[in-house]
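Heads up, the thing below is written out as structure tokens.
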């Protein structure tokens, strides 16, 4: 049973990564296309495509954090480490009382 649940979690993670990479490829293709249009219309006198690149880029970064679990503030195992830390501190406090 445990092996099956591990397989299901791994498959879900593969699907999430696949979705992220498809989004990243779309981002590169569409932003490149918008940059080409911007260049041919006004020669980058006003680089309006950067607005789309920036806004969509925020979504890409959020998607990467969600997909790969790279929480820049707490990390992957932050919650487990804090629980262990608090349990150890509580255990030490009860020893001295």
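None of the figures in this text is laboratory data; all of them are computed from the coordinates on show. Nothing here was measured: the structure is a model prediction, and the numbers come from that model. Ideal geometry is used to build each Cβ from the backbone, glycine not excepted, and the neighbour counts take in all protein chains shown.
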*Structure-based [θ]222 nm, the chain - -39500 (n - 2.57) summed over DSSP H runs of at least 4, per residue, nearest 500*: -29500 deg cm²/dmol
*Consider the candidate values [x] 16, 52, 28, 4; [y] 14, 32, 28, 16, 10, 0; [z] 13, 23, 23, 18, 12, 7, 3, 1; state which one is P(r) over Cα pairs in 10 Å bins from 0, in percent computed from the structure displayed.*
[z]
*Rounded to the nearest 0.05, what FRET efficiency do residue 37 and residue 10 have when you use their Cβ-Cβ distance and R0 = 41 Å?*
0.50
*Mean separation of Cα contacts under 8 Å, 6 or more apart, over the residue count of the stretch 4-67: relative contact order %*: 44 percent
